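S.K.: One structure coming up, written as structure tokens, with questions to follow.
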Amino acid sequence: AVGTVSGEWLFDQPALQARAGQAVTLEFTNGSKTQPHNWVLVSGGADAAAVSIAGASAGEAAGYLPSDASVLASTRLLKGGEREVLSFTAPAAGTYAFICTVPGHFETGMAGELVVE
């Protein structure tokens, strides 16, 4: 389970682990009262900052989610107090960034790493 630190633009779990090819079920809870957030897994080798910028360009109507091959998995844009359960297959071994693509959130530190063994 991953959530947000209430009142701050941070994930409460900055590091996650999985095994390559493993079925992953992730529960993401937006603990903020006022800020929307999402959880976006970025492909290895992709520039997380570029994905964040593309998300901002996609706009709120698109949930700040870019239609980009660099996005491996994502939740919808969650309002404060909402949660979503996301299922995906862990990618190949490596380290992958997960970020919030709401404008300004990644830039202030709303990011973490998924380490796949």
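S.K.: Using only alpha carbon pairs under 8 Å that are at least six residues apart, calculate the relative contact order of the range 1-79 and give it in whole percent.
M.R.: Reported relative contact order: 30 percent.
S.K.: From the backbone phi of the range 72-87, what are the Karplus-calculated ³J(HN,Hα) couplings (6.51 cos²θ - 1.76 cosθ + 1.60, θ = phi - 60°) in whole Hz, Gly and Pro given as x?
M.R.: Values per residue, Gly and Pro as x: 8, 7, 6, 9, 6, 6, 9, 6, x, x, 7, 9, 9, 9, 10, 10 Hz.
S.K.: Taking the Cα centre as origin and putting +1 on Lys and Arg beta-carbons and -1 on Asp and Glu beta-carbons, what dipole magnitude results for the range 1-75, to the nearest 20 debye?
M.R.: For this selection, approximately 120 debye.
S.K.: Just want to confirm a number: the relative contact order over the range 60-117, from Cα pairs under 8 angstrom separated by 6+ residues, in percent.
M.R.: Worked out over the range 60-117, it gives 31 percent.
S.K.: Does anyone have the angle between helix 48-58 and the longest principal axis of the chain? Alpha-carbon axes, 0 to 90°, nearest 10?
M.R.: Compared with the principal axis, the helix lies near 50 degrees.
S.K.: Which three extents, in angstrom, do the Cα atoms of the chain have along their principal axes, listed largest first?
M.R.: Principal extents (Cα only, largest first): 36, 26, 21 Å.
S.K.: Once amide H atoms are built 1.01 Å from N in the peptide plane, which residues 5 or more positions from Ser43, or in another chain, come under 5 Å H to H?
M.R.: Close amide H contacts, sequence-distant or interchain: Val71, Leu72.
S.K.: Sticking with this one: Projecting each Cα onto the charge dipole of the chain (Lys/Arg +1, Asp/Glu -1 at the beta carbon, about the Cα centre), which of Ala69, Gly81, Gly112 comes out farthest on the positive side?
M.R.: Comparing the listed Cα positions along the dipole, Gly81 ranks first.
S.K.: Indicate the gyration tensor shape class of the range 1-64 (rounded, prolate or oblate), computed on the Cα atoms with a ≥ b ≥ c the square roots of the eigenvalues: a/c under 1.5 is rounded; otherwise a/b larger than b/c is prolate and the rest oblate.
M.R.: Taking the square roots of the gyration eigenvalues as a ≥ b ≥ c, the range 1-64 is oblate.
S.K.: Beta carbons within 10 angstrom, averaged per residue: use that to sort the peptides 72-80, 10-18, highest first.
M.R.: 72-80, 10-18
S.K.: Would you compute, from DSSP H runs of 4+ residues alone, the mean residue ellipticity of the chain at 222 nm, taking -39500 (n - 2.57) per run and dividing by the full residue count, rounded to the nearest 500?
M.R.: Result for the chain: -3000 deg cm²/dmol, rounded to the nearest 500.
Read the figures in this text as sums done on the coordinates, not as results from a lab. Model, not experiment: these values are computed from the prediction. Cβ coordinates were reconstructed from backbone atoms using ideal geometry, including for glycine residues, and neighbour counts include every protein chain displayed.
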